[in-house]
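Notes follow the structure.
The values are calculated or read from the model by the stated rules, or taken from the named source; none is laboratory data. From a predicted model like this one, the values you see are computed outputs, not experimental measurements. Backbone-built Cβ (ideal geometry, glycine too); neighbour counts: all protein chains shown.
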Amino acid sequence: MFRGSRDSRVVLTWALLAISSGLLVGKGLFEFFLGGGGLAELALSIAITSLVASAVMNARATGAEGERRSSETESFSRIMRALSRSVSPDAVVEAIVHELGAATEADHVAVVRLRPGGSVLDVTFVSMLPGTPTSNMVMPLRQLEPVETHHMRELPLPQANGNSLRPVDGEPQSLWGDEGDGPREPGGTSSEATDPLRRNVRARSRTLGPIEDAARAREVADRIASQLRDAYGLRNTLAAPLQSGRWISGAIVLSRRTSDVWGEAAVRLLNSAASEASAALARVYSHQAAESDARTDQLTQLPNRRYFDEYCRLLASRRRSTDRVAILSVDVDHFKLFNDQYGHQVGDVVLRGIANAIQASIREEDVPVRFGGEEFMVLLRNPSQGIAVEIGERIRQNVREMDLLDVGVTDRVTVSVGVASGKRAGETVEDIVERADRALYAAKGAGRDRVVEAWHSDVAQ
């Protein structure tokens with residue numbers, strides 16, 4: 001109501017000014033043609049009217065600029081409020097794309113960000129058209145290289161057929177045929193150790209130099225925009241870099257179907273949004289890293305017991321009656337005597353070696369955990385008949401074959417393994433863990449360095 005009342009007063013004011021100016025000019029003309037006034041009076045009337053008209057046009061222009069500034073400020077405020085509530089990288093992207101697209105009159109908004117681990121760039125491409133799905137793809141890490149080390153040339157995105165990569169809706173395509181170092185279920189083994197290309201990519205990510213000035217950062221952002229123009233067939237783009245300190249970590253790219261020049265307001269809003277999004281992403285990644293550290297054993301880099309307990313609670317809430325779970329309880333034989341003989345530093349080397357042997361023995365979907373001290377646990381999801389014992393034997397054999405001569409260990413390191421598979425209806429993961437522990441004690445009592453499988457009769461004992 002207040003806005004409508006104010007608009008009515010503004011219209012009335014302009015109308016009165018127009019009527020007054022018209023009367024003033026009319027009076028001058030009337031007196032001039034009837035001989036009652038001279039040329040000087042007519043010129044004065046026209047001059048006054050022109051002055052009033054100039055003032056009116058200036059006021060209107062100032063008002064329009066004020067409204068644009070106010071709209072820009074409101075849009076940026078909404079982006080800031082949304083970013084402050086964002087607790088994940090995807091939430092950060094969601095917080096900026098639609099507001100930024102609407103405020104800048106862009107047809108598409110793309111957010112390109114460095115994936116944690118530094119192997120590839122994740123691209124989220126959003127169309128402002130209602131009902132159009134979001135597209136995801138990845139870009140090679142070399143797009144972040146400083147301009148002078150990039151040889152000033154555009155590098156096309158590889159395709160699924162070997163020539164270029166086509167964007168798809170839904171799941172992201174990977175440049176190297178897998179998800180790189182992206183999020184995966186804890187416990188899955190990484191192929192980085194056996195894939196020299198991925199090792200090279202990670203090494204390059206560590207050696208990329210910082211961006212020294214804003215001009216070079218914009219050049220990198222423009223290069224990313226050029227790649228997106230080729231991949232998505234874009235016409236008119238505007239890009240701003242995402243930066244963490246002096247390091248560039250991606251870009252935000254706007255596009256239009258028309259060739260209209262991007263206004264200063266759009267440039268200001270994009271640059272401000274990119275700056276705040278960079279800070280929000282850094283905050284989210286830092287929080288995630290801290291959360292990950294709290295759930296990771298620092299010595300072996302396996303998930304710890306806290307993670308295992310949380311994972312089991314989550315699994316229990318989602319577990320179907322047909323889902324099967326098996327537990328391997330792994331304990332190092334005579335580890336205290338080993339520590340006393342060789343020292344705790346060598347003991348740490350042994351524990352890391354056993355963790356690596358466990359990871360090399362299990363499947364991608366299995367979850368290995370350092371449960372505490374020299375005890376490890378492995379949760380197997382939906383194992384087929386006999387696979388739990390087979391993996392237990394594989395772990396035992398891989399540990400026996402560890403070569404520790406480099407640290408002066410000549411004795412053979414062995415482990416005992418207890419195996420329990422959930423087969424009864426309604427049996428909890430805690431029940432299965434208890435039976436696996438019973439089987440482990442049985443393996444210890446039978447002479448160690450062996451795998452013993454638990455039976456349901458063990459629970460009643």
Being small (Gly, Ala, Ser), at pLDDT 90 or above, closer than 21 Å to residue 126 by Cβ and surrounded by 15 or more Cβ atoms within 10 Å (Cβ to Cβ): is that true of residue 239 here?
yes
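Residue by residue, here is whether (1) of a type outside the set (A, V, I, L, M); (2) closer than 26 Å to residue 412 by Cβ; (3) modelled with pLDDT under 90 holds:
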{"residue": "304", "(1), (2), (3)": "yes, no, no"}
{"residue": "317", "(1), (2), (3)": "yes, no, yes"}
{"residue": "336", "(1), (2), (3)": "yes, yes, no"}
{"residue": "377", "(1), (2), (3)": "no, yes, no"}
All-but-one check, residue 337 against (1) in contact (Cβ under 8 Å) with a residue 24 or more places away in the chain; (2) of a type in the set (A, V, I, L, M); (3) part of a helix (DSSP H, G or I); (4) under 16 Å from residue 444 (Cα atoms), failing number (1)
Scanning segment 291-334 for residues that are exposed (fewer than 15 other Cβ atoms within 10 Å of the Cβ) and part of a helix (DSSP H, G or I) gives 291, 292, 293, 294, 306, 309, 310, 313, 314, 316, 317, 318
